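The values are calculated or read from the model by the stated rules, or taken from the named source; none is laboratory data. Quantities reported herein were computed from a predicted structural model and do not represent experimental measurements. When we count neighbours, we look across all protein chains shown, and the Cβ atoms used for this are built from the backbone with ideal geometry, even at glycine.
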Amino acid sequence: MSGTDGKGGNTQDPIGEGNRPHDINFKAACAALPEMVDKLDKNNHKGHWGGMSDALLLIRLQEERHELERAVAGGDHSKICEEAIDCMNFALFIFDNHRKLRGRDES
């Protein structure tokens, strides 16, 4: 399908309607989000990451990445997804700490 977006931009979609990379990325992010939040809720007793240094968060992210590598080698899709969620959460912690410091975000 081709056309314009009303702003002079081309909306040609060579991949197919609804399958543009943005749509695919958004769907993947939306699928991961509930699992990320569920894991955060389960680990809520461990406290907030706001007081953790970048160095510590990166060490933990590295540990989780190693667990993900082992899961991928083992081929268990559920375990792979679980470890990928852990990695995403540690990346989220780093993002969240710096999001608050970069000056554009208030919360």
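Numbers at a glance
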| quantity | calculated |
| --- | --- |
| Residue among S78, S2 that is of a type in the set (S, T, Y), assigned to a helix (DSSP H, G or I) and either loosely packed, with under 10 Cβ neighbours inside 10 Å or at pLDDT 85 or above (or both) | S78 |
| Complete set of residues in region 35-55 that are part of a helix (DSSP H, G or I), without any contact (Cβ under 8 Å) to a residue 24 or more places away in the chain and exposed (fewer than 10 other Cβ atoms within 10 Å of the Cβ) | D41, K42, N44, H45, K46, G51, A55 |
| Criterion violated by G103 - all others in (1) surrounded by fewer than 15 Cβ atoms within 10 Å (Cβ to Cβ); (2) in a helix (DSSP H, G or I); (3) modelled with pLDDT under 95 satisfied | (2) |
| Meets criteria (more than 18 Å from C30 (Cα to Cα), surrounded by 13 or more Cβ atoms within 10 Å (Cβ to Cβ) and of a type outside the set (G, A, S)) for N89 | no |
| Cross-chain or 6+ apart pairs with Cβ under 7 Å, region 79-92 first and of a type in the set (G, A, S), then modelled with pLDDT of 95 or more | A84/L68; A91/L61 |
| From R65, R20, residue being surrounded by 10 or more Cβ atoms within 10 Å (Cβ to Cβ), modelled with pLDDT under 90 and out of contact with any strand residue (DSSP E or B) (no Cβ under 7 Å at 6 or more places or on another chain) | R20 |
| Single residue of region 66-75 satisfying the filter (among the small types (G, A, S) and part of a helix (DSSP H, G or I)) that is nearest to the chain's Cα centre (by Cα) | A71 |
